[in-house]
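A short worksheet on the structure shown next.
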Amino acid sequence: MKVIFHVDLDAFYASVEQLDNPNIKGKPVIVGARPGSRGVVSSCSYEARRFGIRSAMPISQAYRKCPQAVFLPGRMERYLQVSDHVMSILESYTPVFRQISIDEAFLDLSGTKRLYGPPLALADTIKKQIFEETGLILSVGIAPNKYLAKLASEYGKPDGLTMVKPGEEILFLDKLQLKDLWGVGKKTLSRLLELNIRSVKRLREIPEDILRSMMGEACGRYLYNAARGKDPGNIYPEKPKSHSISSEITFESDKNDQSTIKRSILELSQQIMYRLIKGGWKTNTVRLKLRFFDFNTTGSQKTIKHWITSSDEIYSIATELLKKRWDGSTPVRLIGVGTANVKKQDLSTQWELFDDPFNKKRKVEEAVAHIRQSISGSGLTRASLLKKKP
């Protein structure tokens with residue numbers, strides 16, 4: 001029997017800020033742009049969410065809803081440092097581990113009952129260890145597949161621990177609202193309501209061919225499987241056999257503005273480069289993945305003649321791929337950046353004889369990675385991920 005854990009750090013960026021500054025603990029905290037700028041909310045604490053604030057909301061709207069909130073610029077280097085610590089703890093429990101983004105991961109813990117005890121007890125142990133070592137709160141979902149595990153972790157937030165046992169999938173799904181199904185955004189929900197489909201149970205009653213005709217081929221197939229607790233298979237596909245490193249962002253609402261999309265690519269590129277440097281890896285291939293509002297998914301990759309040397313180079317290639325795969329207006333649900341053909345560096349690895357701009361930036365990033373690992377609480381980050389004060 002499969003036992004899949006989905007673990008998710010609650011309000012991650014905002015929680016790290018509250019951890020580093022106890023004076024703002026318990027206050028509404030908004031990480032992202034400063035009031036008066038055109039940016040958006042990257043993360044917000046649960047205290048801020050009570051005012052209706054959510055990720056990717058325009059900062060001007062967030063300020064109107066909660067002017068008394070603490071507004072802070074993001075510190076991506078610090079978040080990566082904390083994420084790295086958490087992920088190393090999680091990975092110590094199983095070799096079948098996949099980090100999905102900076103604050104969430106899947107663990108396959110099938111067959112570990114004799115080693116660690118029952119799944120619920122193990123999840124409680126993991127939650128306690130992460131809190132003791134980092135001070136952060138984790139939500140855990142346990143289920144027979146990744147999709148249900150993801151729904152279960154969301155169901156219990158914050159500080160949640162929910163298990164969907166085999167045979168109880170439908171019982172669990174029928175507790176959810178349609179909007180709670182992972183991947184059902186505003187446009188999909190609006191279309192379902194137009195069709196008088198108002199519950200997960202009702203959605204499950206619609207034959208697959210009818211759903212596909214009403215919602216489109218990809219979306220209909222996805223909804224048919226999701227309503228039955230089956231892993232749709234294209235949400236978090238398994239890694240290819242060749243080694244790769246990737247990270248994804250699924251937006252809470254579909255996005256079609258270039259600034260948000262490109263900023264997300266920059267953040268993902270920085271995450272990927274840090275993991276390459278930390279692990280002693282090298283790569284010459286960049287991948288881009290896009291999932292649109294209608295669940296259609298596309299991807300592209302580019303291989304260059306030399307080893308990639310910086311996050312700026314990953315970003316440059318990824319945005320080049322973006323131009324080929326995105327028309328600039330179709331709403332985007334998910335974006336992912338990754339690398340393929342990843343190999344261990346060795347003494348024979350040769351960088352360019354004459355330093356180019358990307359190679360110089362790699363040296364800077366290697367120094368920053370070393371500082372982040374050596375000095376807890378380092379606030380180093382790239383200026384392009386900060387917002388200027390109004």
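Each value in this text was obtained by applying a stated rule to the coordinates, not by laboratory testing. Predicted, not measured: the structure shown is a model, and the values here were computed from it. Neighbour counts run over all protein chains shown; Cβ positions are idealised from the backbone, glycine included.
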> By how many nm would the segment from Gln129 to Asp180 grow when fully extended, if each residue of separation counts as 0.36 nm and the alpha-carbon distance is taken off?
Replying inline: 15.5 nm
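Could you order the peptides 259-266, 139-146 from most to least packed, using the average number of other C-beta atoms within 10 Å per residue? Don't skip to the end; give the middle numbers.
Working: 259-266: 18.1, 139-146: 23.9.
Top of the packing list down: 139-146, 259-266.
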> Tell me, what ³J(HN,Hα) does each residue in the stretch 91-96 have, in order and in whole Hz, if you take phi through Karplus 6.51 cos²θ - 1.76 cosθ + 1.60 with θ = phi - 60° and put x for Gly and Pro?
Replying inline: 5, 6, 8, 7, x, 8
> Which residue fluctuates the most in the chain, going by a Gaussian network model with Cα springs under 10 Å, if the choices are Ile277, Ile210, Ile100?
Replying inline: Ile210
> In this model, which of Lys187/Lys289; Lys27/Lys128; Lys2/Lys179; Lys186/Lys282 are farther than 30 Å apart at the alpha-carbon?
Replying inline: Lys186/Lys282
> Can you work out the FRET efficiency for the pair Lys65 and Asp159, with r the C-beta to C-beta distance and R0 = 30 Å, to the nearest 0.05?
Replying inline: 0.80
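Rounded, prolate or oblate: which fits the chain, taking a ≥ b ≥ c as square roots of the Cα gyration tensor eigenvalues, rounded meaning a/c under 1.5, else prolate when a/b beats b/c? It would help to have the intermediate numbers written out before the result.
On the way: a/c = 1.31, a/b = 1.30, b/c = 1.01.
Taking the square roots of the gyration eigenvalues as a ≥ b ≥ c, the chain is rounded.
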> Under a straight-distance cross-link criterion of Cα-Cα below 20 Å, which aspartates and glutamates are reachable from Lys323, leaving out those fewer than 8 residues away in the same chain?
Replying inline: Glu248, Asp254, Asp257, Glu267, Asp294, Asp312, Glu313
> For the chain, which longest stretch is free of loop sites, where a loop site is one of the GluC sites (Glu not before Pro) that DSSP puts outside H, G, I, E and B and that has at most 13 other Cβ atoms within 10 Å?
Replying inline: 1-204
